[in-house]
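**Q** One structure, as structure tokens, below. Some questions next.
The values are calculated or read from the model by the stated rules, or taken from the named source; none is laboratory data. Because the structure is predicted, anything quoted here is derived from the model rather than measured. Cβ placement follows ideal geometry from the backbone for every residue including glycine, while neighbour counts extend to all protein chains displayed.
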Amino acid sequence: MPDLYQTLLKHDLGHIKIIADLWGLELESRDVDSAAEELSASLLDLEAVSETLEILPAEARTAITALVESNGKMEWAIFARTYGEIREMGAGRRDRERPHLKPASIAENLFYRGLLSKAFFDASKGSQEFAYIPEDLLEIIEHTLQIEEPEEEKEKIIPVTKDTLGRPATPVEKTFEIPASDHVLDDATTLLAALRLVKPDWQADPKLHALLNSAKIIKKNVPQAEAVKSFLASSRTEALTMLHKAWLDSQTFNELHLISNLICEGEWSNDPLTTRRFIIDLLNSLPKDKWWSLPAFLRDLKAKHPDFQRPAGDYDSWYIKRASDGQFLRGFAYWDQVDGEVVKAIIQNMHWLGKIDLASAEEGGAVTAFRLSPFVEKKEEKGKISVASNGRITVTRLFSRAVRYQIARFCDWEDAGRTTDEYKYQVTAQSLKHANEQGLKAEQLLTLLVKYTNGNVPPAFVKALKRWEEHGVEARVESLFVLRVSRPEVMEEMRASKAGRFLGELLSPTAVVVKEGAIQKVMAALAELGLLAEVKDHE
């Protein structure tokens, strides 16, 4: 950081004289260089600094202490939100209005005493404006505060640092525990099967799509054959690690854009990778295996690092709407609804990927606590698969994901594991036809089932699959409209009339199938023949 002399050189002679007056000094110098050197020599004195700090208002002393605790500098946006802005004015207006006599903020009070300045410094987010104390003056202030600051006053100061945020969770906050798991692997397997089947009715969480895209397992929602094979063949531990690493290093997985109640509009962009890494660094600094309060963590983050995802503290150029009512959430006032939600999303994703346990104060309620406790795969009994004679297949969650993925492609889905730890599938003529269109054969399904059930496939179902392979559909159940008349002569008259083209298969001398959508036309033709008909529905 610049020292006091370098800082003073940025000002005109009138400003330097104002600082001298407020310190009770008279300057002899008549140019900026000499005045800056003369004033620096006078201000860099332990006794003078001690006396000046002593007469400062309590709020100004708090601001100085906060800067000292931040190694002498703080992002200007953060500092100004707490301690106010410095009015921009030229030398003429300053000399007329004399703002140093009636400062409009704590920041202005310190600025005209030479204890505070502003400058741009390089930071992790690029060049940013900071509030700072000149470096050599900072050393004296630090020494003064160590000597004079009473212990009780020190405890009142909340330093803006990267120290541990928040506090341990209370017993109430951790009442209902939600342990981390590896269920994301099963959901990913189901999604991959759905994408291969082109099942538009199966709606997956958008963030699961984003995760598999980040892991390069899918590309533009198209499964990548080799990547899918590698993912499904991996052990559960290896597969979970693969997904976690993909999320951790992803520039495209954007938590802000994936929050369901927020709509991002406009040309602005955020940096999800830098944001994610910053929050994870803070989380990793917390005690392991210790329940931590989520509200307290967010409160301290808001106080100490509110601009963790905002370059230069910009809260106005990001156009973000609340989905529920279309309300634009611009300005720092909406930090909790936007920035706070991003932090919650990152913590939720760590839970989703097996890295954090969650807890809530009430069952099914909002998350109020979390614990860094990576999921460890337990030595559980392997999953099972069972086949019924009517073609229903049940696969438990811990069965081979690769096998379940293949089975799912031959079947209609009754339960995709969303409510239980079982996946229920039904083999139908339509599902086999769909599979056949993808180049899959019923014989392949039978081979799979025989292998993984140790031959426990009901004979009737074996017979059905073999007959399908040989003959295709041999029976069909349809919903049809049937026209029944009282005498064969009426049927002959109908078939000979212009309504005949709307009649299909003849079922008997007095019954015929009516083609789809032609009921009203047949009714009109009957009326022209002098016959009034009634329509009976299936009920």
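**Q** Of (1) exposed (fewer than 14 other Cβ atoms within 10 Å of the Cβ); (2) of a type in the set (A, V, I, L, M, F, W, C); (3) under 24 Å from Ser431 (Cβ atoms), Ala233 satisfies all except one. Which?
**A** (3)
**Q** What are the residue pairs meeting all of these: first residue in region 429-449, first residue in the same structural domain as Pro459 (by TED's automatic domain parsing) and within 17 Å of Arg392 (Cβ to Cβ), second residue aliphatic (A, V, I, L, M) and surrounded by fewer than 12 Cβ atoms within 10 Å (Cβ to Cβ), Cβ atoms under 6 Å, and 6 or more apart or on different chains?
**A** Between residues of region 429-449 that are in the same structural domain as Pro459 (by TED's automatic domain parsing) and within 17 Å of Arg392 (Cβ to Cβ) and residues that are aliphatic (A, V, I, L, M) and surrounded by fewer than 12 Cβ atoms within 10 Å (Cβ to Cβ), the close pairs are Ala429/Val473.
**Q** Quick one: Glu54 ticks every box in (1) exposed (fewer than 13 other Cβ atoms within 10 Å of the Cβ); (2) more than 38 Å from the chain's Cα centre (by Cα); (3) over 16 Å from Glu142 (Cα atoms) except a single one, so which number is it?
**A** (3)
**Q** For region 61-88, which positions are of a type in the set (Lys, Arg) and at pLDDT below 90?
**A** Going residue by residue through region 61-88, those that are of a type in the set (Lys, Arg) are 61, 73, 81, 87.
Passing the criteria: only Arg81.
**Q** Which of the residues spanning region 117-138 are in a loop (DSSP other than H, G, I, E, B) and surrounded by fewer than 23 Cβ atoms within 10 Å (Cβ to Cβ)?
**A** Residues satisfying the conditions are Ser124, Lys125.
**Q** Regarding region 212-225, can at least one residue be identified that is surrounded by fewer than 17 Cβ atoms within 10 Å (Cβ to Cβ) and closer than 26 Å to Gln309 by Cβ?
**A** yes
**Q** Output the number of the condition that Asp31 fails; it satisfies all remaining conditions of (1) farther than 16 Å from Gln6 by Cα; (2) modelled with pLDDT of 90 or more; (3) surrounded by fewer than 12 Cβ atoms within 10 Å (Cβ to Cβ).
**A** Of (1) farther than 16 Å from Gln6 by Cα; (2) modelled with pLDDT of 90 or more; (3) surrounded by fewer than 12 Cβ atoms within 10 Å (Cβ to Cβ), only one is false for Asp31: (1).
**Q** Filter region 217-256 for residues that are under 30 Å from Asp336 (Cα atoms) and free of Cβ contacts under 8 Å to residues at least 12 places away in the same chain and give the result.
**A** Going through region 217-256, the residues under 30 Å from Asp336 (Cα atoms) turn out to be 243-256.
Across region 217-256, the qualifying residue is only Lys245.
**Q** Suppose the filter is loosely packed, with under 15 Cβ neighbours inside 10 Å and not in a helix (DSSP H, G or I); does Gln309 pass it?
**A** no
**Q** What number of residues in region 410-433 are in a loop (DSSP other than H, G, I, E, B) and either in contact with a Gly (Cβ under 6 Å, 6 or more places away or on another chain) or crowded, with 20+ Cβ neighbours inside 10 Å (or both)?
**A** Just the residues of region 410-433 that are in a loop (DSSP other than H, G, I, E, B), to begin with: 410-411, 417-421, 427-428.
If we keep only those that are either in contact with a Gly (Cβ under 6 Å, 6 or more places away or on another chain) or crowded, with 20+ Cβ neighbours inside 10 Å (or both) too, we end up with 410-411, 427.
Residues meeting the conditions: 3.
**Q** Something else: From the list Ala193, Ala180, exactly one residue is outside any helix (DSSP H, G or I), touching a helix residue (DSSP H, G or I) at 6+ places or on another chain (Cβ under 7 Å) and either surrounded by 15 or more Cβ atoms within 10 Å (Cβ to Cβ) or not assigned by TED's automatic domain parsing to the domain that holds Lys433 (or both). Which is it?
**A** Exactly one residue qualifies, and that residue is Ala180.
**Q** Across region 481-514, what is the total count of residues that are within 15 Å of Val535 (Cβ to Cβ) and either without any contact (Cβ under 8 Å) to a residue 24 or more places away in the chain or in contact with a Cys (Cβ under 9 Å, 6 or more places away or on another chain) (or both)?
**A** 1
**Q** Right, another one. Return the only residue of Ser250, Ser260, Ser230 being closer than 24 Å to Leu440 by Cα, among the small types (Gly, Ala, Ser) and either more than 18 Å from the chain's Cα centre (by Cα) or not in a strand (DSSP E or B) (or both).
**A** Checking each option against the conditions leaves just Ser230.
**Q** Here's a follow-up. Answer yes if at least one residue in region 339-348 is in contact with an Asp or Glu (Cβ under 7 Å, 6 or more places away or on another chain), outside the structural domain of Phe278 (by TED's automatic domain parsing) and touching a residue at least 24 places away in the same chain (Cβ under 8 Å), and no otherwise.
**A** The first filter runs over region 339-348 and keeps only residues in contact with an Asp or Glu (Cβ under 7 Å, 6 or more places away or on another chain), leaving 342, 345-346.
Within this subset, residues satisfying the condition of being outside the structural domain of Phe278 (by TED's automatic domain parsing) are none.
No.
**Q** Oh, and also: Report yes if Ser285 is small (Gly, Ala, Ser), more than 21 Å from Ser70 (Cα to Cα) and touching a residue at least 60 places away in the same chain (Cβ under 8 Å), otherwise no.
**A** Answer is no for this residue.
**Q** A follow-up question, please. Among the residues of region 88-116, count how many are of a type in the set (Lys, Arg), assigned to a helix (DSSP H, G or I) and either free of Cβ contacts under 8 Å to residues at least 24 places away in the same chain or more than 12 Å from Ile18 (Cβ to Cβ) (or both).
**A** To start, the set of residues in region 88-116 that are of a type in the set (Lys, Arg) comprises 93-94, 96, 98, 102, 113.
Of the ones still in play, those that are also assigned to a helix (DSSP H, G or I) are 93-94, 96.
Pick out the ones that are also either free of Cβ contacts under 8 Å to residues at least 24 places away in the same chain or more than 12 Å from Ile18 (Cβ to Cβ) (or both) and you get 93, 96.
Selection size over region 88-116: 2.
**Q** Could you please find all residues in region 288-339 being within 28 Å of Leu67 (Cβ to Cβ) and of a type in the set (Ser, Thr, Tyr)?
**A** Across region 288-339, the qualifying residues are Ser293, Tyr315, Ser317, Tyr334.
**Q** Further question: Scan region 43-70 for residues that are among the hydroxyl-bearing types (Ser, Thr, Tyr) and out of contact with any helix residue (DSSP H, G or I) (no Cβ under 7 Å at 6 or more places or on another chain) and report the count. Full working, then the answer.
**A** Residues of region 43-70 that are among the hydroxyl-bearing types (Ser, Thr, Tyr), as a first pass: 50, 52, 62, 65, 70.
Narrowing further to those that are out of contact with any helix residue (DSSP H, G or I) (no Cβ under 7 Å at 6 or more places or on another chain): 52, 62, 70.
Looking only at that region, the number is 3.
**Q** Return the total of residues in region 66-95 being among the charged types (D, E, K, R), within 12 Å of Glu108 (Cα to Cα) and surrounded by 19 or more Cβ atoms within 10 Å (Cβ to Cβ).
**A** Looking only at that region, the number is 0.
**Q** Of the residues that make up region 409-416, is at least one at pLDDT below 85 and either under 30 Å from Leu283 (Cα atoms) or out of contact with any helix residue (DSSP H, G or I) (no Cβ under 6 Å at 6 or more places or on another chain) (or both)? It would help to see each step written out before you state the result.
**A** Pass one, region 409-416, residues at pLDDT below 85: 414-416.
Narrowing the set further to residues that are either under 30 Å from Leu283 (Cα atoms) or out of contact with any helix residue (DSSP H, G or I) (no Cβ under 6 Å at 6 or more places or on another chain) (or both) leaves 414-415.
Looking for residues that are at pLDDT below 85 and either under 30 Å from Leu283 (Cα atoms) or out of contact with any helix residue (DSSP H, G or I) (no Cβ under 6 Å at 6 or more places or on another chain) (or both), one finds at least one in region 409-416, hence yes.
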